[in-house]
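Note sheet for the following structure.
What follows draws every value from the coordinates through simple rules; no lab data is involved. Everything quoted here is computed from the prediction, not taken from an experiment. Cβ placement follows ideal geometry from the backbone for every residue including glycine, while neighbour counts extend to all protein chains displayed.
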Amino acid sequence: MNDIVFDNVSKFYGEILGVNRVNLSIPPGVTSLVGPNGSGKTTLMNMIAGLLRPSRGRVVVCGVEPDDAERFFRMVGYSTQYDSFPRGLTGFEFVESYLRLYGFSAKDTKRLAWEAIDRVGLREASGRTTAGYSKGMRQRIRLAQAIAHRPRILVLDEPLNGLDPLARAETIALFQALAAEGSHVLISTHILHEVDLISDHVIMMNQGYVVAEGRIRGMRDEIAEHPMQVLIRCDKPEYLASRLFHENQVVEVRLHADRAGLLVRTKSADGFYKLLNHIALNGVQIESVAPADDDAQSVYEYLIGSEESTK
Amino acid sequence: MTLWRRQILAIMRIDLRKTFFSRRGIWIWLLAFCPEIPMVAHWLFSGGGEHSGDTLGNDVQILAAIFQFFYLRVAIFFGCVGIFSNLFRGEMMDKSLHYYLLAPVRREVLVAGKFISGLAAAIVIFGGSTLLMFPAIFWHHGRELMSAYMFAGPGMSHLASYFAAAVLACVGYGSLFLASGVLFRNPLIPAAGLLIWESINGFLPALLKKISIIYWLQSICPIPMPAPKGTTGIASLLVIDIDPAPTHLAVINLVLIAAFVVVWAALRARRMEISYGAD
């Protein structure tokens with residue numbers, strides 16, 4: 001009831017596949033949608049936001065289907081990838097004009113519009129027409145328009161594009177604040193290193209199919225064909241390497257370029273950590289042990305391939 | 001106020017601004033007010049008087065010809081193409097339609113709101129111009145003669161009829177072009193088809209004549225325009241040998257046609273999806 005549910009959803013554009021047989025249940029929190037160009041991310045987002053209808057299956061958002069427009073669209077806010085605005089409107093007028101469609105009183109409309117504009121930090125520029133905005137400002141005013149009616153479901157297509165580092169950090173903080181308030185924040189992004197930073201859940205797509213979904217760590221654990229990589233910093237890397245070569249669960253050991261650590265590939269992370277504890281008790285001073293490939297970038301490369309563009 | 005009324009007002013607020021004040025719409029204003037230019041020029045340069053057949057009676061006929069052959073068939077027709085087709089298709093091309101579709105507005109309310117917005121703009125522009133045509137063409141006959149024509153003669157009734165015809169032309173053509181904007185990627189193609197159909201209306205059998213907008217509009221106009229003797233060639237395409245319907249029937253039929261088309265467009269709009277890429 002509280003999730004975004006895709007029940008065996010397929011979408012075709014004529015003969016062209018948009019997404020195929022998608023079954024998902026997306027809980028509240030920040031969820032990142034990653035995949036190469038044409039993988040079906042925008043199709044999936046458009047269906048969550050009610051702009052597209054599935055060719056097969058059904059999409060239910062917190063128990064409501066898009067046919068119930070008056071309930072459904074109050075719950076959903078969507079900042080699309082389309083960098084387009086109605087002509088001649090100022091930033092404030094843009095947010096306020098469409099907010100009126102929700103049926104708020106004039107006073108409430110103004111209050112909510114200002115509140116959203118303040119949340120994206122655009123109050124000073126809100127009196128200028130959107131045509132004169134920079135790309136980052138346009139991105140932020142669209143975000144303000146999407147959050148102005150306080151939706152429970154916020155869908156954002158590449159929301160960090162064009163933002164400077166400060167605005168990026170502020171926007172990520174805003175997503176996290178909205179998620180902490182119990183909202184679903186669904187973000188498509190092609191910047192994989194930010195996925196770990198931003199999201200609680202990840203959905204990876206390729207060629208119209210969901211290839212993986214869940215928490216990054218959980219996804220990584222399920223990729224058996226790629227042994228886990230662990231970076232170890234210690235005082236005797238050569239000695240440690242020689243010890244590890246003899247262990248069954250170790251697939252590969254490489255000395256780090258700075259010769260102050262090792263990169264180990266292991267079939268069983270848990271078994272390896274136990275072994276490492278044992279070795280550490282025998283005279284090797286270990287400074288740090290950290291997984292080297294349980295981030296979104298690595299999981300993406302294993303599942304979809306590094307040759308694929310993520311955008 | 002109920003939700004749908006507030007939503008219609010909100011839609012009108014956005015759309016009226018676009019129609020009235022956008023640079024793209026300047027040609028519609030020019031088209032609407034271009035009949036006044038030769039009328040005022042005639043007033044300024046003819047010197048007035050009864051010379052060379054410049055009588056009020058002649059001007060009544062000239063106004064009838066301009067209104068029926070140019071204003072209804074060209075100015076209002078193309079003006080409505082510009083206003084009503086853009087209500088949906090223009091937004092699709094500007095990639096801004098999704099802002100409406102993401103709001104909690106039922107599609108029927110959205111179509112109704114956009115139709116009312118287009119209609120309000122079209123009536124202000126074309127109805128306003130129709131009202132202005134009277135002083136523009138008759139003023140040079142002098143205040144006394146004009147007052148006599150307007151208040152003691154048929155002037156006021158003619159003015160009301162022309163205004164009603166202009167409004168109903170906006171209703172009829174507007175509904176068709178709104179629907180074409182919902183249904184077709186390129187609404188100019190159905191517009192061209194409709195233009196041809198309306199142009200050959202005079203040559204059609206009685207039953208087919210009635211499946212048009214122009215037939216009913218001609219029936220509302222106060223001065224029938226029979227084909228001048230010896231009209232041949234392209235000019236004959238513009239002439240309707242009219243067998244007018246009663247005015248009340250014409251009004252009812254135009255309103256019913258428009259209502260049917262708008263309801264149909266609203267039903268089709270329920271399935272409308274955003275596919276800017278395909279456009």
Apply the membrane-span-like helix rule to chain B: whole DSSP H runs, Cα extent along the own long axis of at least 18 Å, mean Kyte-Doolittle hydropathy at least 1.0. List the helices found.
B:107-122, B:155-183, B:247-269
Just want to confirm a number: the relative contact order over chain B, from Cα pairs under 8 angstrom separated by 6+ residues, in percent.
26 percent
With no solvent term and unit scatterers on the alpha-carbon positions of the range B:60-146, Debye gives log₁₀ I(q)/I(0) at q = 0.21, 0.24 Å⁻¹ of -1.01, -1.16
Qualifying trypsin sites (Lys or Arg not before Pro) for the range A:229-275 [loop in DSSP, other Cβ within 10 Å: at most 12]:
A:Arg259
Over all viewing directions the Cα convex hull of chain B casts an average projected area in nm² of 17.0 nm²
So how strong a dipole does the range A:228-292 carry about its Cα centre when Lys and Arg Cβ are +1 and Asp and Glu Cβ are -1, to the nearest 20 debye?
80 debye
Could you tell me what % of all Cα pairs in the range A:14-119 have separations over 21 Å?
49 percent
Evaluate the relative contact order of the range A:228-292 (contact order divided by residue number), counting alpha-carbon pairs under 8 angstrom at least 6 apart; express in whole percent.
49 percent
Restricting to the range A:4-221, what percent of DSSP beta bridges are antiparallel, rounded to 5?
50 percent
If you place +1 on the Cβ of every Lys and Arg, -1 on the Cβ of every Asp and Glu, and leave all else neutral, what size is the dipole of chain B about its Cα centre, to the nearest 20 Debye?
1280 debye
Which one, B:Phe203, B:Phe33, B:Phe69, has the greatest fluctuation when you compute a Gaussian network model over chain B with C-alpha springs under 10 angstrom?
B:Phe203
List the trypsin sites (Lys or Arg not before Pro) in the range B:101-205 that DSSP assigns to loop (not H, G, I, E or B) and whose Cβ has at most 14 other Cβ atoms within 10 Å. Which are they?
B:Arg185
Helix-only [θ] at 222 nm, chain B, -39500 (n - 2.57) per DSSP H run of 4+, per residue, nearest 500, equals -19000 deg cm²/dmol
Could you point to the residue in B:Gly79, B:Gly128, B:Asn58 farthest towards the positive end of the range B:55-131's charge dipole, with +1 and -1 charges on the Cβ of Lys/Arg and Asp/Glu respectively?
B:Gly79
If the convex hull of the alpha-carbon atoms of the range A:4-221 is projected onto planes in all directions, what is the mean projected area in square nanometres?
12.0 nm²
Identify, among A:Ala280, B:Ala206, A:Phe92, the residue whose Cα sits farthest towards the positive end of the charge dipole of the protein assembly as shown, taking +1 on the Cβ of Lys and Arg and -1 on the Cβ of Asp and Glu, with the dipole about the Cα centre.
B:Ala206
Residues B:Glu198, A:Glu170, A:Glu96 in order from fewest to most other beta-carbon atoms within 10 Å are A:Glu170, B:Glu198, A:Glu96
With +1 at each Lys and Arg Cβ and -1 at each Asp and Glu Cβ, the charge dipole magnitude of the range A:4-221 around its Cα centre, to the nearest 20 debye, comes out at 280 debye
Between the Cα axis of helix A:106-119 and the main Cα principal axis of chain A, the angle (0 to 90°, nearest 10) is 30 degrees
At 37 °C in a medium of viscosity 0.692 mPa s, the range B:1-109 has a Stokes-Einstein diffusion coefficient, with Rh taken as the Kirkwood radius over alpha carbon pairs, in µm² per second, of 190 µm²/s
Need the C-alpha centroid separation for the range A:185-255 versus the range B:78-147, integer Å.
61 Å
Between B:Arg268 and B:Val255, what is the label-point separation in nm under the 7 Å Cα-to-beta-carbon projection?
2.5 nm
Rg over Rh, two decimals, the range A:120-260 (C-alpha only, Kirkwood Rh):
1.15
What's the angle, to the nearest 10 degrees (0 to 90), between helix A:135-147's Cα axis and the longest principal axis of chain A?
70 degrees
What are the residues whose amide H is under 5 Å from the amide H of A:Val211, where those residues sit 5 or more places off or on another chain and H is modelled from the backbone?
A:Met204, A:Met205, A:Asn206
Work through the residues other than B:Ile76 whose Cβ is under 15 Å from its Cβ and net out their charges, Lys, Arg +1 and Asp, Glu -1.
-1
May I ask which of A:Lys236/A:Lys274; A:Lys236/A:Lys267; A:Lys11/B:Lys18; A:Lys41/A:Lys110; A:Lys110/B:Lys95; A:Lys110/A:Lys135 have a Cα-Cα span longer than 29 Å here?
A:Lys11/B:Lys18; A:Lys41/A:Lys110
Just want the answer: with Cβ charges of +1 for Lys and Arg and -1 for Asp and Glu, which residue in A:Pro28, A:Gln145, A:Ser105 is farthest toward the dipole's positive end in the range A:4-221?
A:Ser105
Evaluate the relative contact order of the range A:4-221 (contact order divided by residue number), counting alpha-carbon pairs under 8 angstrom at least 6 apart; express in whole percent.
30 percent
Per Stokes-Einstein, at 37 °C and 0.692 mPa s, what whole-number D in µm² s⁻¹ belongs to the protein assembly as shown, with the Kirkwood radius over Cα pairs as the hydrodynamic radius?
115 µm²/s
